[in-house]
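**Student:** First, the structure itself, so that you have it in front of you.
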Amino acid sequence: MFNHVLLCTHGTEGAQKAEAFVFKKLEADSELKVTVLTVLDEDWREMTGDDWLNSSKTHTTFLDHVENQMNEEIAEEWQRIKISYPVAERANFLQRTGNIEKTITKTAKELGCDLIIIGSWQKSKKFSIHSTRMGLRTTMKNKDLHPLLPCPLLIAP
């Protein structure tokens, strides 16, 4: 029915449910093409504070450090996916930075995807210092995403 699926994930519990849904389908359909997309919200580079008044070099150095850290975490998430779902080796993995809604829809258009899959919103658990849960914790607004959709959207339960 669908030929190319864009799986949007950022490592949270809801996104992991979407991953399980997609890779189970990929096991059953060897013709299905899957692209895994992780979007970094463009606003993350706008971080500022009083300590940045000292030096723009310090600010730039810190932002570069944060970007490297996020890239490493995304690489770890992708590795987790590949270990959890060996069939994921057949998927294409992409990382993009931008407005979340616009980046998802632009990528789906560019790749000719005929289905976008995202995880459902999950209620946040209380913060625990012992929590090992990773994830970018970014959210998007349905009212901003839906008008831009170039193809159907499936929200994995």
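**Student:** Please report the accessible area of Lys109 (heavy atoms, 1.4 Å probe, ligands and nucleic acids excluded) in Å², nearest 10.
**Tutor:** Looks like 130 Å² after rounding.
**Student:** Leaving out ligands, DNA and RNA but keeping every protein chain, what accessible area does Ile100 have, in Å² rounded to the nearest 10, with a 1.4 Å probe?
**Tutor:** 10 Å²
**Student:** Quickly rank 86-94, 8-16, 58-66 as a protection proxy: mean count of other C-beta atoms within 10 Å, highest first.
**Tutor:** Details: 86-94: 15.2, 8-16: 21.6, 58-66: 12.4.
Packing order, densest peptide first, comes out as 8-16, 86-94, 58-66.
The values are calculated or read from the model by the stated rules, or taken from the named source; none is laboratory data. Not measured: the values here are computed from a predicted model. Neighbour counts run over all protein chains shown; Cβ positions are idealised from the backbone, glycine included. Please note that ligands, DNA and RNA were not included when accessible areas were found on the heavy atoms of the full protein model with its side chains. Shrake-Rupley method; radii C 1.70, N 1.55, O 1.52, S 1.80 Å.
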